1. Starting from 0.36 nm per residue, how many nanometres of slack lie between ARG242 and LEU113 once their C-alpha separation is accounted for?
2. Would you mind computing, in nm to one decimal, how far apart the modelled labels at ASP207 and THR520 are, each placed 7 Å from Cα along Cα→Cβ?
3. So if each residue of separation counts as 0.36 nm, and I subtract the Cα-Cα distance between SER22 and SER218, what length gain in nm does that give?
4. Could you pull the Cα extents of the stretch 104-194 along its three principal axes, largest to smallest, in whole Å?
5. At a Förster distance of 45 Å, what's the computed FRET efficiency of SER188 paired with ALA569, Cβ-Cβ distance as r, to 0.05?
6. Any chance you could give the angle, 0 to 90 degrees and rounded to 10, that helix 390-401 forms with the longest Cα principal axis of the chain?
7. Angle, helix 320-332 long axis vs. longest principal axis of the chain, Cα atoms, 0 to 90°, nearest 10?
8. Net charge near THR115: determine it from the other residues with C-beta under 12 Å of the C-beta of THR115, scoring Lys and Arg +1 and Asp and Glu -1.
Amino acid sequence: MDRQIPSTTSDEIDLYIRTYYSLLRSSGDVRVRALEEAHIYSNCSLHAGARGPNPDVAAFAYSAARLPSCMYKVQRIILGQAREYFEAEGHPIRTWETVRTRGRRRPLRFDGLDTLAAYISSTSDIDDLVPILTAYQIVWNQMHSFLAGTALGSRLAAGVAEDELELDPEVLATILGITSEDVHTLRSAFETTWIEAMREIARRPADLRLRLLNGSYSQYQRTAQRWWSGIEPVYVRTQRPRRPPVYIVSSNTHSVVNLLGGYARTHRQAILDFAHRTNREGLAPVLEAAFKRGDDAEISNLTYYLLRAFLHEDRGDSDPRRLEGIQRFEAEGGLQTIDVPGRVDVNAQLIELGRLRPERLDPRVRLPGIEALAGSDAVILNIDYPLGVAAYHHLSRLGQGVGEIRGVYIMGKAATLNGRIGDVMIPTVVHDEHSRNTYLFRNAFAAADVQPYFETGTVLDQQKALTVRGAFLQNREYMSVFYREGYTILEMEAGPYLSALYELVDPRRHPNDEVVHLTTMASFDVGILHYASDTPYSRRQSLLSKSLSFFGVESTYACAIAICRKIFANELALLGKGG
């Protein structure tokens, strides 16, 4: 690099991190209120209203989406690395309820009363969860103080029947000092527990307690090993090659399998009928417009997006017959899903290229001569992308267990400083806050690989990415320093992945605080694609209080198509069938 990387230290953020790690060393509970001052004065971009008197509903909604719906009942949170640690402290979490969140894949257990247990698979879980809990408590208590002493607050606290409550959004907005739109955001944050949560906020201030059970770096590695132990029996074959060549993909659990498995395409008419019948998320008119234009790509994307809702219509999430039917269908085409291997919430999919059914493939990934893949012995191993440093542990463990690696392709969400929500960004430089390394690499993708499948947004290649420690652990001044140096992408996984990649191609551990040239080191493709889910400089466009929803489907599938086409082209070339 021509220029030296700027200092990566924000004094306020650094103080915040040191504060919570020093407190969590305690063998007892830590009250979250002890973290509030450091949180407030860190000037987090995601909690811009922390110093103000009025509740920052956007920050609260962001936090609530990454906490379970039972959170309004929770008063104590225990963090641990393995079940044994919880049980040694007298918490029989095997008997506790499994709870989930909308915005994070993190194994959680709830005792049904007031205690939540959260598994952590890397330090990134701590860096992510602690600020989320702190922001949640700060805003909760702001809302409690505004409701206290009001007629509405008294009625909520008294448990007046919901049909008699008259929870007028305008009245609530006036009491809380927020807008009617904020009330809608707040209601969406609580989803079905809206009334129960507001009652609890009116009754009491939050005083969350947090405890980190004893753990270690080696336990993070053991967690990754346990995860791999759930994948290995499916990956390893009885015939040669026992450990087949592999293309490692980190994305999500729907895009690649939808493009290659064909279930949604085979059941397209039934899904479209469902869309017209239910008008889910108001997408029926969008479908009508796509049909009028003859836009098969958008129809396919809509079909993929609606598949999950279609499968669960009137049946719930656990209909075993339908699930078994889908698994049989996909297995016919060489696709196998490995759910929560090793009890780690990072699902995996194994896709045998030689068993793919060309007629089931999405037309956008059907390369000329695709039938020749029948002669391939390679597989795609797609993992549901982990959070932060967990990416390092997972890719490191994959590198130890798989055979020849023919490509590593990473697709994930990121914030953009120069684009819009839904745009696709392709970096060639990544600065990692964890290792303090600046990685330079040759990205296997360019704008031309993605743009043909992406009409509504922009594809920006030759970008620089900053891998941050956590969504809350950044502020405007800190981001401005990097923006001036040309860094336009903020995300959490690329740096840890590149640190693991370094160790896959070099006999040494990854360095620290260096400029690392990976450009000529890897003998296989390395591709990283990000789609923008947030714009920190423009809170109105931010996803603090909403989900990408269908708006992000086109960019997601454009990236997945580019990855599938790259894998097919590479494999066809090896088979001597490439153009």
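1. Working: separation 129, 0.36 × 129 = 46.44 nm, distance 4.86 nm.
Stretched fully, the ARG242-LEU113 segment lengthens by 41.6 nm.
2. Result for the modelled spin labels: 6.4 nm.
3. Working: separation 196, 0.36 × 196 = 70.56 nm, distance 2.00 nm.
68.6 nm is the gain from fully extending SER22 to SER218.
4. 45, 27, 22
5. The computed FRET efficiency comes out at 0.60.
6. Helix 390-401 sits at roughly 30 degrees to that axis.
7. Approximately 30 degrees, to the nearest ten.
8. Taking every other residue near THR115 into account, the sum is 0.
Read-outs throughout are calculated quantities, based only on the coordinates presented, and are distinct from any laboratory measurement. Everything quoted here is computed from the prediction, not taken from an experiment. FYI the Cβ positions are ideal-geometry reconstructions off the backbone, even for glycines, and counts take in every protein chain you see.
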